[in-house]
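For reference, the structure I am asking about is given below.
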């Protein structure tokens, strides 16, 4: 369970997140400029810190702190001496300008996920030291987007194996099962989650009873690198379909934040922008999580690509106004017949695009194509808590007692699509036969 606290440190106000599970990891985010490299003063919170067995320290001590200073510097603060107030030297953990390509990071043997729930106003990482932490991060949408979820799941298997090896040694395979099942159920629609787990489990099946972590980590890193390469390739392929400089509409976020890096739909847009083919991107705000407003606009702005936000219901009017040749979206699962599951609202956008003669492109890695799923009607559609619709940013909007229907995805039939683009190539006017040839 994540508990947000507020604590005064050296006169500056910080947001603190404590994560349980043996070792408490604290994320410190400055809200007052505080960039002294010499150290900071930590003040004791009674009962707020717990034992770190790996460091061999006593109850009431925190020996692992990750913080962001000045918006980009991350530090590990070690060897505190609570309950006494003291200055501590900071050792750099991550010194980098945070970008959308950092959605999933494996650093110093640990998994860090860029918390997409708080972007763009806060840029912070959630540290996952166990597989269950990663599963909860997937469910809670710390990380989202099918490819990014798949990469996260691969690294999570490494964490599960590490824990199982420490607990059971030669019996590590059996000890992993409960956490692997929890991972598999974290998000039902994103096909890359199951794809990554099956790939990692296939490797596990061939391993002996020795420590599995090195080989599993190598495979997880390979999955991550493959996704980045695939996105660059499909980005260039998708951009080749854009014949002349134009504006485009995108829905939700299918950028670097939703992948291992570079992005799918935004990968196409990035490549097309580099080729001088993009005038402006119109991004649907994408209720109820506002991925377009919070994430897509943030990514594009950072890349210097002109972006304008649209209310979800404004897309039809914007298409009617002209100047847009393509709708470009990603996908969480593509059925064998070419039907596409993507963020709720994609189906409606494809319908109004067809009505206005605007072409629709779906950009996704081939791992998103589920040849075992015959059609869109067979794709499991996640439905989330209606409270997500009844309020905004934690504030109630609807009248008390009002009900809500909150499916996270919808299915766009293949006959509304002009192209599906993967790293394997371009499928024009997709259907079952063409997808079968594409995947063979």
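The values are calculated or read from the model by the stated rules, or taken from the named source; none is laboratory data. Just so it is clear, the structure is predicted and the values come from calculations on it, not from any experiment. A quick note on method: Cβ atoms are made from the backbone with ideal geometry, for glycine too, and the neighbour counts reach across all protein chains shown.
Among the listed residues 417, 389, which satisfies the condition of being more than 22 Å from residue 195 (Cα to Cα) and in contact with a strand residue (DSSP E or B) (Cβ under 9 Å, 6 or more places away or on another chain)? Don't jump to the end; show me each part of the working.
Working: 389 fails: in contact with a strand residue (DSSP E or B) (Cβ under 9 Å, 6 or more places away or on another chain).
Of the residues listed, the single one that is more than 22 Å from residue 195 (Cα to Cα) and in contact with a strand residue (DSSP E or B) (Cβ under 9 Å, 6 or more places away or on another chain) is 417.
Do the conditions hold for residue 127, that is, is it buried (at least 20 other Cβ atoms within 10 Å of the Cβ) and modelled with pLDDT of 80 or more?
On the way: buried (at least 20 other Cβ atoms within 10 Å of the Cβ): yes; modelled with pLDDT of 80 or more: yes.
Yes; evaluated as a whole, the condition is true for this residue.
While we're on this one: Please verify whether the stretch 208-216 includes one or more residues that are assigned to a helix (DSSP H, G or I) and exposed (fewer than 15 other Cβ atoms within 10 Å of the Cβ). Walk me through how you get there before you give the answer.
So the first thing to find is which residues in the stretch 208-216 are assigned to a helix (DSSP H, G or I), and the list is 213-216.
Still in the list and also exposed (fewer than 15 other Cβ atoms within 10 Å of the Cβ): 214.
The answer is yes; a qualifying residue exists.
Condition first: outside any helix (DSSP H, G or I) and surrounded by fewer than 16 Cβ atoms within 10 Å (Cβ to Cβ). Now tell me which residues in the stretch 176-207 satisfy that. Give the derivation first.
Of the stretch 176-207, the ones outside any helix (DSSP H, G or I) are 185-190, 206-207.
Matches in the stretch 176-207: 185, 206, 207.
Another question, then. Could you say whether any residue in the stretch 155-168 is under 29 Å from residue 365 (Cβ atoms) and within 14 Å of the chain's Cα centre (by Cα)?
There is at least one residue in the stretch 155-168 that is under 29 Å from residue 365 (Cβ atoms) and within 14 Å of the chain's Cα centre (by Cα).
Pick out, from the stretch 340-440, the strands (runs of 3 or more DSSP E) lying fully within it that include 1 or more residues that are over 28 Å from residue 153 (Cα atoms), in contact with a helix residue (DSSP H, G or I) (Cβ under 9 Å, 6 or more places away or on another chain) and without any contact (Cβ under 8 Å) to a residue 24 or more places away in the chain. Show your work before the answer.
Values: elements: 340-343, 359-363, 409-412, 419-422, 425-428.
Fully inside the stretch 340-440 and qualifying: 425-428.
For residue 276, which of the numbered conditions (1) on the phi < 0 side of the Ramachandran plot; (2) surrounded by fewer than 23 Cβ atoms within 10 Å (Cβ to Cβ) fails to hold?
The number of the failed condition is (1).
Is at least one residue of the stretch 286-296 over 27 Å from residue 345 (Cβ atoms) and touching a residue at least 24 places away in the same chain (Cβ under 8 Å)? Before you say what the answer is, go through the steps one by one.
We begin by selecting, within the stretch 286-296, every residue over 27 Å from residue 345 (Cβ atoms); these are none.
No, that holds for no residue.
Related question: Can you name the number of the only condition in (1) in the same structural domain as residue 393 (by TED's automatic domain parsing); (2) touching a strand residue (DSSP E or B) at 6+ places or on another chain (Cβ under 9 Å) that residue 275 fails?
(2)
Is there a residue being surrounded by fewer than 21 Cβ atoms within 10 Å (Cβ to Cβ), at pLDDT below 95, in contact with a strand residue (DSSP E or B) (Cβ under 8 Å, 6 or more places away or on another chain) and closer than 28 Å to residue 187 by Cβ anywhere in the stretch 311-322?
Yes.
Can you tell me which residue in the stretch 302-313 is nearest to residue 344 (Cα to Cα), limited to those that are part of a helix (DSSP H, G or I) and in contact (Cβ under 8 Å) with a residue 12 or more places away in the chain?
First pass over the stretch 302-313, keeping only residues part of a helix (DSSP H, G or I): 302-303, 312-313.
Pick out the ones that are also in contact (Cβ under 8 Å) with a residue 12 or more places away in the chain and you get 302-303, 312.
Numbers: 302: 26, 303: 26, 312: 10 Å.
That would be 312.
Looking at 287, 294, which is the one that is under 19 Å from the mean Cα position of the chain (by Cα), in a loop (DSSP other than H, G, I, E, B) and closer than 23 Å to residue 397 by Cβ?
Numbers: 294 fails: in a loop (DSSP other than H, G, I, E, B).
Of the residues listed, the single one that is under 19 Å from the mean Cα position of the chain (by Cα), in a loop (DSSP other than H, G, I, E, B) and closer than 23 Å to residue 397 by Cβ is 287.
Still on this model: Check 271, 240 and return the single one that is surrounded by fewer than 19 Cβ atoms within 10 Å (Cβ to Cβ) and more than 30 Å from residue 386 (Cα to Cα). Break it down into steps so the answer makes sense when it comes.
Working: 271 fails: surrounded by fewer than 19 Cβ atoms within 10 Å (Cβ to Cβ).
Result of the check over 271, 240: 240.
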